[in-house]
Every structure is written in C-alpha cells, then in structure tokens.
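Enquirer: Can you read through this structure? Questions will come right after.
The values are calculated or read from the model by the stated rules, or taken from the named source; none is laboratory data. Being a predicted model, the structure only gives us computed values, none of them experimental. Note that we place each Cβ from the backbone using ideal geometry, even for glycine, and neighbour counts take in every protein chain shown. Note: areas computed on protein heavy atoms with side chains; ligands, DNA, RNA excluded. Shrake-Rupley method; radii C 1.70, N 1.55, O 1.52, S 1.80 Å.
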Amino acid sequence: MRVYNFSAGPAVLPEAVLVRAREEMLDWRGSGMSVMEMSHRGPHFKQIAETAEADLRELLGVSEDYHCLFLQGGATGQFAAIPMNLLDDKRKMNYVVTGSWSKKAAAEAKQYGEVRIAATGEAENFTTIPDPASWRVDPEGVYLHYTTNETIGGVEFPFVPEADCPLVTDMSSDFLSRPVAVNRFGLIYAGAQKNMGPAGIVVVIVRKDLLRDPLPGTPSIWDYRKQVEAGSMLNTPPTYNWYLVGLVLEWLREQGGLVAIERRNIEKSELLYGAIEASDFYRNPVDPRYRSRMNVPFTLADPALDATFLKEASERGLVNLKGHRSVGGMRASIYNAMPIEGVKALVDFMQEFERRYG
Ligand SMILES: *Cc1c(COP(=O)(O)O)cnc(C)c1O
C-alpha cells in the first residue's frame, strides 16, 4: 500500500512516474536494456539527457543566455562550487541568511573568500525574512546568495529581491513549484530529491557571461566551464537519476506546467495553514507573509502528545511528519507530487486528533 509521505527529502515522487519507470525498467523503449545498463555516451542516453534539458528549459522558460548543468554532489557541493567558479580577484560575496541551509551555504563559502552577511533572520529564530530595505549588500561582492525556500524552518521568499550584483539562489526545495523569472538570476541551483527526482543529481542554471577561470586548484568535476564543454558528462553522470528527473519533468508538462502546478500548491498550502490557523491546538511560528508552500512546520499545544500524534498518523498512512530535530514538533512537506487528497487526509486527521486530545 502506498502511504502519504510527508518527508522533507528524499521525498514523494509522482506515482505515474514510478509506474512508468517500472514499465521501462527491463527494456527502455525497445533498447533491450535498462537505463541503468546503458552507456552514457550512447544514442539512447543522449536522447534522455537532451529531452530532460529541453523540458527543463521549456517549463521554466530558460533562454539561450543560460547553461543548464546536471551534476553530482547535491546542493551542498554547489555551496563550494559557486564561489570556486564565480569569485573574482577580490573574492567577496554577499549572503542573506534566513535559515539552516543559507547559513550552511555561507559557512562553506567562507573557505574561498570574504563573506558578507547582508542580512540574517537568526535573531527572530528564522521565522521571517529581514526587510530587504535593511539589507547591507557589499557592492564589491560578486553575487548575492539567498535560499528561496528554507526547508527546515518553512520560510519562503514570495518575491525576487533587487540587487546590484547577480542573484545566486538555492531553490532546492521549491524548484518547479511555481513559475520563476529566470532572467532575474545569475545562477539557480536545486538538488533533485525535494521536488524533482531521486537524490544524487543537482541542476545548475547559470548565466553564460558569469563563467570565468575558476579559483586555482578547482577540481575538474566542479569546473562549470569544463562541465559545459562536456555536456555535464566530464565523468560518468548519475544516469538513472537523470532519467527519473526527465520523467518528472515530463509529468510536470502533462500537469499543465508551472502555472497549473502553482495553483495546486496554493490550494494545498492554504488548506493546511487554514486548518492550523483555525485551531488553538496547532501553531506555525512563521511570519504569515513568508510561509512556505512546500514545508509546513507546526507544533502541538502539548509537546507531550507529539509521539502519540506521530504514531496515530502513521497508522493512517500519514508518514514522516516528525519535525526537524532543530525545530521540533511536526513538519509536513507537501511538494508537487503530494496530491491534494494527502493534505485533506492530514487535515481531517489533525482535526479529529484535536477533538480527542485538545
Ligand atoms: C536539502 C537541501 C540542501 C542540501 O541538499 P543535498 O543534496 O543534501 O546537498 C540544500 N539546500 C536546501 C534548500 C535543501 O532543502
């Protein structure tokens, strides 16, 4: 039996994608072999890789001014690859810190240069986004990095900030959940395992004119220019993950693209936040203006009931609702692949639980 899986990542995938992968497991479209068994240099995989890139470009509206890379090392690898590839001789960069992931990105970047923290929400316990008018961006910084959606704290940017330097953004957990004006960004990156596929592959969309000689000592696999030249195949890429990402992209197109998927994400998140707001038993600490549509943390009025809540939820097939250890309570991740029925089942359970224990 399939459950409703609210995991933050690796996370739920569209069932139609898994069924398709099963159908194609032993014999990919008459090739007589599984995608896992194919040469990454052969014609079949070439078709898979090219279709995935074309679908990504079409869904997001990525122009020819940008390269699309499919790499390994996750978003965490990019925390280092970005400064290694984009820094100039001054080696300065700006970071906005709105939660655990942007904090980690800034800490990693410090190995390569001078990091200016343009703003941080730490004093508010990462429950809000500091007013952009108060950000202090160093004009000598090569870029301004921020995280569109903080997966742990549940804080999401509903706007694209203005800046005098290129914007670099970690979209790992809200990538493809809404339309994005890609041309506002210098670089966008996203690990697949939240909203786009299985763990083990990360997409990097980078404006062509930002590429320069990387810092001395940059390993070849982290060198964007070498990866561009090699079509993201400087070494053997994670072929099966790439294929699955391709199936998810195709599924997104069938759903009507990002405008349609955003509509559904709004509906799902409003349903869940509405239930939390309507109750004195459940609480979400985040500034309502910046609540994430993807990751919804909430606490119970009595934390002693947490274990009972999780146990009873799990018995109903509502799983992986335990909050991150740094935040406590619960967290429901409701990515693109979570059907509205899953959110309805969660809300019904929450209301019933409150009636019995509240
Ligand atoms: C999960 C996550 C990461 C880390 O991804 P890895 O693939 O484990 O490196 C980074 N940033 C955000 C926003 C995430 O949600």
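Enquirer: Which sequence of Arg253, Arg331 reflects their accessible areas, 1.4 Å probe, from the largest down?
Expert: Sorted descending by solvent-accessible area, the residues read Arg253, Arg331.
Enquirer: Continuing with the same structure: Provide the per-residue ³J(HN,Hα) series for the range 262-272, in order, calculated from phi with Karplus coefficients 6.51, -1.76, 1.60 and θ = phi - 60°, each as a whole number of Hz, with x at glycine and proline positions.
Expert: Going residue by residue, I get 4, 4, 5, 5, 5, 4, 5, 5, 5, 4, 6 Hz, with x marking Gly and Pro.
Enquirer: Heavy atoms only, probe 1.4 Å: what % of the accessible area of the range 122-248 goes to carbon and sulfur, would you let me know?
Expert: Working: 2280 of 4640 Å².
Reported share for carbon and sulfur atoms: 49 percent.
Enquirer: Taking amide hydrogens as modeled 1.01 Å from N in the peptide plane, which residues meet the under 5 Å criterion relative to Arg283, leaving out close sequence neighbours?
Expert: Under 5 Å from the amide H of Arg283 lie the amide H atoms of Thr299, each far enough along the sequence or on another chain.
Enquirer: Please give the contour-minus-distance gain from Asp164 to Ser31: 0.36 nm per residue of separation, less the Cα-Cα distance, rounded to one decimal in nm.
Expert: Contour length minus Cα-Cα distance gives 42.8 nm.
Enquirer: Right, another one. With both partners inside the chain, how many of the DSSP beta bridges are antiparallel, as a percent to the nearest 5?
Expert: Looking only at bridges with both residues in the chain, the antiparallel portion is about 55 percent.
Enquirer: Please label the shape of the range 77-139 as rounded, prolate or oblate, based on the square roots a ≥ b ≥ c of the eigenvalues of the alpha-carbon gyration tensor (a/c under 1.5 means rounded; beyond that, a/b larger than b/c means prolate, else oblate).
Expert: oblate
Enquirer: Most mobile of Ala332, Ala109, Ala123 per a Gaussian network model of the chain (Cα springs, under 10 Å)?
Expert: Checking each option, the largest mean-square fluctuation is seen for Ala123.
Enquirer: Going by the alpha-carbon gyration tensor, a ≥ b ≥ c the square roots of its eigenvalues, is the range 16-254 rounded (a/c under 1.5) or, if a/c is not under 1.5, prolate (a/b greater than b/c) versus oblate?
Expert: Here the range 16-254 falls in the prolate category.
Enquirer: Okay, next question. Compute the distance in nm between two label points, each set 7 Å from the Cα along the Cα-to-Cβ direction, one at Ile221 and one at Glu15.
Expert: Placing both labels 7 Å along Cα→Cβ, they lie 3.7 nm apart.
Enquirer: Note down the nm distance, to one decimal, between modelled labels 7 Å out along Cα→Cβ at Asn183 and at Ala123.
Expert: It works out to 3.8 nm between the two label points.
Enquirer: For the range 275-288, take each phi angle, set θ = phi - 60°, evaluate the Karplus expression 6.51 cos²θ - 1.76 cosθ + 1.60, and give the result in whole Hz per residue in order, putting x for glycine and proline.
Expert: 5, 5, 5, 6, 10, 8, 8, 10, 8, 10, x, 7, 3, x
Enquirer: Could you tell me the calculated FRET efficiency between Asn235 and Arg136, based on Cβ-Cβ distance and R0 = 41 angstrom, to the nearest 0.05? Kindly include the intermediate steps, with their values, before the conclusion.
Expert: Numbers: r = 40 Å, r/R0 = 0.99.
Computed FRET efficiency for Asn235 and Arg136: 0.50.
Enquirer: With a 1.4 Å probe and every protein chain left in place, work out the accessible area per residue of the chain in Å², rounded to a whole number.
Expert: Heavy-atom accessible area per residue stands at 44 Å².
Enquirer: Shifting gears a bit: In whole Hz and in residue order, list the ³J(HN,Hα) couplings for the range 141-151 that follow from phi through the Karplus curve 6.51 cos²θ - 1.76 cosθ + 1.60, θ = phi - 60°; x for Gly and Pro.
Expert: Going residue by residue, I get x, 6, 7, 10, 9, 8, 10, 4, 9, 7, 4 Hz, with x marking Gly and Pro.
Enquirer: Now a separate question. Assuming 0.36 nm per residue, please report the length gained on full extension of the stretch His324 to Ala278 beyond their Cα-Cα distance.
Expert: Net length gain for the segment: 14.2 nm.
Enquirer: Sort Arg291, Arg356, Arg263 from largest to smallest accessible area, using a 1.4 Å probe on the heavy atoms of the protein chains.
Expert: The ordering from most to least exposed comes out as Arg263, Arg356, Arg291.
Enquirer: Let me ask another. As a test question: what accessible area, to the nearest 10 Å², does Lys110 have when a 1.4 Å probe is rolled over all protein chains in place?
Expert: Its heavy atoms expose roughly 120 Å² to the probe.
Enquirer: Based on the mean of other Cβ atoms within 10 Å per residue, sort peptides 313-322, 172-181 so the most packed one is first.
Expert: Per-residue Cβ counts within 10 Å, averaged per peptide and sorted highest first, yield 172-181, 313-322.
Enquirer: Multiplying the sequence separation of Asp89 and Glu352 by 0.36 nm and subtracting their Cα-Cα distance, what value in nm do you get?
Expert: 88.7 nm
Enquirer: What net charge do the residues around Leu234 carry, taking every other residue with its C-beta under 11 Å from that of Leu234, with Lys and Arg at +1 and Asp and Glu at -1?
Expert: Taking every other residue near Leu234 into account, the sum is 0.
Enquirer: Rounded, prolate or oblate: which fits the range 150-246, taking a ≥ b ≥ c as square roots of the Cα gyration tensor eigenvalues, rounded meaning a/c under 1.5, else prolate when a/b beats b/c?
Expert: Oblate is the answer for the range 150-246, as a/c is 1.5 or above yet b/c matches or exceeds a/b.
Enquirer: Can I ask one more? Can you tally the lysine pairs in the chain where the Cα-Cα distance is under 20 Å and the two residues are eight or more apart, or on different chains?
Expert: The number of close lysine pairs in the chain is 15.
Enquirer: Still on this structure, I have one more. Could you grab the relative contact order for the chain? Cα pairs under 8 Å, six or more apart, rounded to a whole percent.
Expert: RCO, the chain: 23 percent.
Enquirer: Right, another one. Could you tell me the center-to-center distance, by alpha carbons, between the range 1-37 and the range 111-155 in angstrom?
Expert: So the two Cα centres are separated by 37 Å.
Enquirer: So, one more: Under a 5 Å amide H to amide H cut-off, with H placed in plane at 1.01 Å, what residues pair with Lys92 once short-range neighbours are removed?
Expert: Glu114, Val142
Enquirer: Give the calculated FRET efficiency between Arg253 and Ile340 to the nearest 0.05, with a Förster radius of 22 Å applied to their Cβ-Cβ distance.
Expert: My answer for the efficiency is 0.65.
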